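**Student:** Here it is: the structure, laid out below.
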Amino acid sequence: MHANVHGADRSGGGGKSWQIPPDETLQIGSDKKDKDADIYGSDGHNWRSIIFSLLVIGFVISSIVTAIYLLGYVDELLYWSGKRMKFDEYLQDELAPKRLPSIWVTNTKFVFQNNDGSLAILDTANDSVTTLVTNHTMRQLNVQGYQCTSDLRYVLFTHNVKYIYKNSYTALFTVYDVTNDHHMPVRLKDSPKTQSLRMQHAEFLGNTTSLVLIHENDIYIRQSPADEEDIRLTSTGVAGLIYNGISDWLYQEEILKSQKALWSSHDGMFLLYATFNDSNVGQMVYPWFSSSPVLQSGGLSSRGSYPDSQSIRYPTPGTLNPEVTLWLLDISNITDVQKYHIKEPNSLEGQDSYLISASFIQTQALQAVSIVWMSRPQNYSVVSSCLPPDWTCTETHSERAPEDEWLDILPHPVFSSDGDSFMLLAGIQETGTEHFTHIKHVTITQQRISVISHGRYEHHHMQHREAIVTNGIRHQVVRILAWDTLNHLVYYLGTQDKKPGQQHLYIVKDPVNEDPRSQNAFSEIIEQ
């Protein structure tokens with residue numbers, strides 16, 4: 001009963017009825033839940049934060065997908081206004097930038113193609129630049145090659161080139177007279193005057209204004225650009241069989257790497273050329289697919305259903321090679337041309353051999369010819385020199401490959417001004433098994449041989465003029481650029497070990513100096 005009275009008193013209700021006392025514990029719990037509801041929501045989750053996070057994630061994903069989609073079509077976006085690349089454009093190297101090469105015409109002047117497309121002359125004596133041929137003339141003919149006379153009066157243009165193989169073509173040739181802006185199309189005397197004549201080759205004869213021309217595998221001489229008379233030097237050319245002054249398929253693709261197979265002396269008095277006879281070489285027939293089918297009245301002809309076929313003289317191992325003959329012409333008296341047969345070296349007599357390269361040696365005393373031959377197995381090569389008056393040749397140097405190896409086809413040797421010594425590239429054993437291409441110096445009269453392009457060298461930084469001495473860095477030579485016999489310096493391009501994509505320009509002193517092995521790499525890197 002005390003409890004009831006006590007409960008009544010607490011209720012303050014006079015004791016007539018029961019009331020649930022206020023539960024302070026529940027009241028406190030109710031305040032906490034209200035606070036949690038403000039933070040987490042009624043069901044315990046923050047939907048606003050979740051929705052916002054999902055929106056951010058979706059935006060990031062959509063941005064990534066959009067970027068990938070756009071990057072995947074960059075090429076198409078760039079070429080919407082252009083045209084698709086053709087396979088022939090790639091094969092003919094038409095996608096590479098076309099810039100005509102620079103050529104030296106005197107000791108102080110060289111001709112180069114300016115940025116506007118014109119031909120200009122840089123005189124290194126006074127650092128002046130003058131225009132030789134305007135860009136209007138160059139664009140008018142679509143010039144693809146040129147040659148200048150030493151007096152810079154005439155420029156021979158090569159244009160409208162049509163390729164046969166990679167290194168062979170026919171083209172139109174035009175002589176441009178700089179003094180009067182006159183164009184003289186080059187054509188033979190008996191050809192029609194109303195149409196252009198395609199030729200296989202044309203160039204100025206040495207340091208003269210005479211022209212040497214090759215048409216249908218035969219050689220012609222024209223004594224001046226304005227002269228309409230031409231003198232025929234050969235008459236044995238046969239299409240696909242006998243070539244005079246130009247190389248057949250094997251030599252132009254694998255050995256000479258050029259259609260040209262003739263060389264003139266500096267004064268234009270002598271002409272050296274090769275004759276290739278493919279009569280005994282086997283033929284390879286291959287299909288020739290044309291893009292235009294032949295249509296007849298009844299529909300597509302059988303010729304359009306099957307590809308045409310073409311053939312080339314292609315020697316395979318164990319079969320006959322082209323017969324190569326070297327001839328030297330004395331054209332100092334054009335009315336009485338003297339002809340000499342340049343024979344192979346005695347060490348290659350009776351063997352199959354290749355003509356690797358040839359050139360005139362311009363000395364102060366006399367004219368001479370240098371020729372490089374190689375055996376068919378490509379394990380033995382000979383450098384021979386031929387001297388007037390009968391142009392008998394003597395072996396001046398030979399290279400033999402190690403067992404089970406072969407020799408590379410390398411550029412022609414570079415001779416000194418007196419003709420008594422020359423530089424050539426050869427494989428040099430650097431370690432127990434590795435060979436690197438380096439420069440050998442050969443003295444003919446003393447039969448002395450030295451290697452000058454390996455060992456210790458100095459690297460000069462072009463910007464800060466720092467000289468860093470480096471030992472033991474292996475490199476190999478790509479090409480000899482020039483030999484300054486006056487200052488006894490040899491310039492060449494070379495690559496460093498494990499960096500075949502880079503070429504550096506080097507200078508090395510020739511053996512006349514006390515320290516023939518000090519080298520200077522001083523140029524910027526040429527990327528290839």
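**Student:** Holding the Cα-Cα limit at 32 Å, pick out from K86/K498; K343/K509; K339/K440; K83/K193; K98/K440; K109/K440 the pairs that are longer than that.
**Tutor:** K86/K498; K343/K509; K339/K440; K83/K193; K98/K440
**Student:** Further, regarding this structure: Stick to Cα atoms and the Kirkwood definition of Rh, then tell me Rg/Rh for the stretch 156-224.
**Tutor:** Rounded to two decimals, Rg/Rh equals 0.96.
**Student:** If a paramagnetic tag sat 7 Å from the Cα of L95 along the Cα-Cβ line, which residues of the stretch 149-175 would have the backbone N under 20 Å from that point?
**Tutor:** What the label zone holds, given the 20 Å backbone N cut-off, is 163, 166-167.
**Student:** While we're here: Among 305-312, 149-156, 110-117, how do they line up by average Cβ neighbours within 10 Å per residue, starting with the highest?
**Tutor:** 149-156, 110-117, 305-312
**Student:** Considering only C-alpha atoms, what is the centroid distance from the stretch 169-237 to the stretch 109-157, in Å?
**Tutor:** When both Cα centres are located, 20 Å separates them.
**Student:** Computed FRET efficiency, Cβ-Cβ of N126 and E349, R0 41 Å: what is it to the nearest 0.05?
**Tutor:** E(calc), rounded to 0.05, equals 0.15.
**Student:** At a Förster distance of 51 Å, what's the computed FRET efficiency of L387 paired with D116, Cβ-Cβ distance as r, to 0.05?
**Tutor:** That gives a FRET efficiency of 0.60.
**Student:** Quick check: residue separation of K339 and D151 times 0.36 nm, minus the Cα distance between them. What number comes out in nm?
**Tutor:** Result for the pair: 64.7 nm of gain on full extension.
**Student:** What's the local net charge at I449, with K and R +1, D and E -1, over the other residues with C-beta under 11 Å away?
**Tutor:** Summing Lys and Arg as +1 and Asp and Glu as -1 gives +1.
**Student:** For a protection proxy built on the mean count of beta-carbon atoms within 10 angstrom, sort 160-167, 249-256 highest first, please.
**Tutor:** By packing density, highest mean first, the sequence is 249-256, 160-167.
**Student:** Give me the base-10 log of I(q)/I(0) for the stretch 89-192 at each q in 0.14, 0.19, 0.22 Å⁻¹, Debye formula, one uniform scatterer per Cα, rounded to two decimals.
**Tutor:** Once normalised to I(0) and log-transformed, intensities are -0.61, -1.03, -1.25.
**Student:** Follow-up question, since we're still on this one. Please work out the FRET efficiency for the pair S398 and L493, using the Cβ-Cβ distance as r and a Förster radius of 22 Å; give the result to the nearest 0.05.
**Tutor:** Computed FRET efficiency for S398 and L493: 0.30.
Computed from the coordinates by the stated procedures, all read-outs in this text should not be read as laboratory data. Quick caveat, the model's predicted, so the values are computed rather than measured. A quick note on method: Cβ atoms are made from the backbone with ideal geometry, for glycine too, and the neighbour counts reach across all protein chains shown.
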